[in-house]
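Novice: Mind looking over this structure? Questions follow.
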Amino acid sequence: MDGIISAMTSVKEEIANELTKLNETNKDLAKENAKLEQAKEDNDEFQIDRISSRIRELESERSARLENKTLGERIRTLFREQGITIVSVLTAFGMIIGVIVEAFTGGTTSPSPSPSPPSKGGGEN
């Protein structure tokens, strides 16, 4: 139980950290957009190109952070909506491994010898 609590705390801290970074990226984007507007007013092509490049990098970083969060949310939603449990996932993996093993072994197994039935006579002297 302590391990689960520790893992949940780690996930919570990681999400908080990602949200902080995302907020910082959003603030940086707002600043760069303001700088871009100023450069457009000044008609400074060199600055426009530099600022546009930084904006593209920040937007790429932002989308990567959102994509990671979205992927995690999608997985959680899948587990909740479809009722997938750890047991069903493990069962599916077990079935996959079974099919792979069967494919490699040709689907045949060597039969084990069946035990011979006990003799019904009183004995052989």
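Novice: Sorted by accessible area with a 1.4 angstrom probe, largest first, how do L90, L19, L58 fall?
Specialist: Most to least solvent-accessible, the answer reads L90, L19, L58.
Novice: Turning to a different aspect of this structure: If DNA, RNA and ligands are ignored and the probe is 1.4 Å, what is the ranking of K31, K21 by accessible area, most exposed first?
Specialist: K31, K21
Novice: Continuing with the same structure: How much accessible surface does I15 have with a 1.4 Å probe, in Å² rounded to 10?
Specialist: 80 Å²
Novice: Could you please put I96, I51 in sequence from largest to smallest accessible area, using a 1.4 Å probe?
Specialist: Largest accessible area first, the residues go I96, I51.
Novice: Note down the accessible area of S53, probe 1.4 Å, to the nearest 10 Å².
Specialist: 40 Å²
Novice: To the nearest 10 Å², what's R76's accessible area with a 1.4 Å probe?
Specialist: Here the accessible area works out near 110 Å².
The values are calculated or read from the model by the stated rules, or taken from the named source; none is laboratory data. Quantities reported herein were computed from a predicted structural model and do not represent experimental measurements. Each accessible area value is taken on the protein alone, full model and side chains, heavy atoms only, with ligands, DNA and RNA left out. Shrake-Rupley method; radii C 1.70, N 1.55, O 1.52, S 1.80 Å.
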